[in-house]
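Following: one structure in C-alpha cells, then a few remarks.
Just so it is clear, none of the values below were taken in a lab; they were calculated from the coordinates. Predicted model only: the values in this text are computed from it and were never measured. Counting neighbours? That spans all protein chains shown, and the Cβs are built from the backbone with ideal geometry, glycine included.
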Amino acid sequence: QQQVKQSPQSLIVQKGGISIINCAYENTAFDYFPWYQQFPGKGPALLIAIRPDVSEKKEGRFTISFNKSAKQFSLHIMDSQPGDSATYFCAASMWSSNTGKLIFGQGTTLQVKP
Amino acid sequence: NAGVTQTPKFQVLKTGQSMTLQCAQDMNHNSMYWYRQDPGMGLRLIYYSASEGTTDKGEVPNGYNVSRLNKREFSLRLESAAPSQTSVYFCASSGQGHRGYTFGSGTRLTVV
C-alpha cells in the first residue's frame, strides 16, 4: 500500500522554465511534508518542508503548495537551472511523533536542459 | 563534521552469504533509520530505532535484522542474502522528531 504517491516519474524542463512535481497522501494523520533532493551517488538532503497550517511556503526558487482538503502537495521550482537536475522525493510524517519516520513517494528524476 | 557515515560504500555478495552494514552518526541524535532505495519505489523504511536500546520494524523488515549498539551506531544485518535485496541502502538519523534529519551517502549492495 503506497501511502504517498508521486508524479511524474521523470521530468525534462528547459533552463528558465518551471518544474512541477506532485504528491498525494492517504493518511490524514500526516502533518509534516518535506521534500528531499538527491544528486547521483549522494544521500537525500532536505530541500524544503511544510506543515498544514499554511497553504504555501517559499524558499528562494523553491515553493511548496499544500491542499489539505485534496490531500495533495506539490513542489514548484521556478527559473529551473541545470544544477537543479536531480531526483526529488516528497515525504510525509506525523510531526508529533518522536520517531521521525518518513514515508516517501516514488521519486521524480528532473533533467533541466541548458 | 562527518554527520552520518556508512560503510562499506559498495559490496557484492553471493546468494546465501551474510553481511553487516555499519552506520555511525556524530550529531548526538536519538533516532536512527535504515532505508532501501529501489528504482520506482522511492525510499522504504526497513527498521528504525527511536532511541538507544529500542528498535522497531518499518515497511519492509523481512530478511533483515538490526542492532542499536549505542547512541552513535546502528547496524543492519542480512543473514542470508537474496537477489531481491540488491539495492542501495541508506542510514539516517534525527534529533527529537524530525530535527536535523540527515542521510548517509549510501551502500550499494549487489547480490548475485
Self-check item: For segment B:58-84 versus segment A:67-88, the gap between their alpha-carbon centres in whole angstrom
Solution: 32 Å
Practice problem: Could you pull out which residues in segment A:68-88 have an amide N less than 20 Å from a spot 7 Å beyond the Cα of A:Trp95, following the Cα-Cβ vector? | Solution: A:68-76
Quiz prompt | Nearest-0.05 FRET efficiency for B:Ala82 and B:Thr7, computed from C-beta distance (R0 25 Å) | solution = 0.70
Exercise. For segment A:85-92, take each phi angle, set θ = phi - 60°, evaluate the Karplus expression 6.51 cos²θ - 1.76 cosθ + 1.60, and give the result in whole Hz per residue in order, putting x for glycine and proline.
Key: 4, 5, 9, 10, 10, 8, 8, 9
Quiz item: Per the Kirkwood definition applied to all pairs of different Cα atoms, how many angstroms is the hydrodynamic radius of segment A:66-114?
Solution: 13.0 Å
Practice problem: In nm, give the distance between the simple-model label positions of A:Asp79 and A:Lys5, each being 7 Å from the Cα along the Cα-to-Cβ direction. | Solution: 3.5 nm
Self-check item: Net +/- balance of residues flanking B:Phe90 in space, Cβ distance below 13 Å, scoring K and R +1, D and E -1
Solution: +4
Self-check item: Cα-based reach from A:Lys68 at 12 Å (exclusive), listing aspartates and glutamates while leaving out same-chain residues under 8 positions away
Solution: A:Glu26, A:Asp31, A:Asp53, A:Glu56
Exercise. Quick one: go through segment A:1-43 and flag any residue whose amide nitrogen is under 19 Å from the point 7 Å out along the Cα-to-Cβ line of A:Glu59.
Key: A:19-23, A:31-40, A:42-43
Quiz item: Pairs B:Lys14/B:Lys57; A:Lys5/B:Lys9; A:Lys101/B:Lys71; A:Lys101/B:Lys9: which are spaced more than 27 Å apart, C-alpha to C-alpha?
Solution: A:Lys5/B:Lys9
Quiz item: Which whole number gives the average count of other chain Cβ atoms within 10 Å of the Cβ atoms across peptide B:98-106?
Solution: 5
Quiz prompt | Gaussian network model of chain B, springs between alpha carbon atoms under 10 Å - residue of B:Pro61, B:Pro83, B:Pro39 with greatest fluctuation | solution = B:Pro39
Quiz item: In percent, what relative contact order does segment A:1-79 have, based on Cα pairs under 8 Å that are 6 or more apart in sequence?
Solution: 30 percent
Quiz item: Average partner chain C-beta neighbours within 10 Å, per residue of A:43-49?
Solution: 5
Practice problem: Return one quarter of the surface area of the convex hull spanned by the alpha-carbon atoms of segment B:6-112, equal to its mean projected area, in nm². | Solution: 6.1 nm²
Quiz item: Taking Cα pairs under 8 Å and at least six residues apart, what relative contact order does chain B come out at, in percent?
Solution: 36 percent
Quiz item: For A:Lys113, which aspartates and glutamates qualify as cross-link partners when the Cα separation must be under 19 Å and same-chain residues fewer than eight apart are set aside?
Solution: A:Asp79, A:Asp84
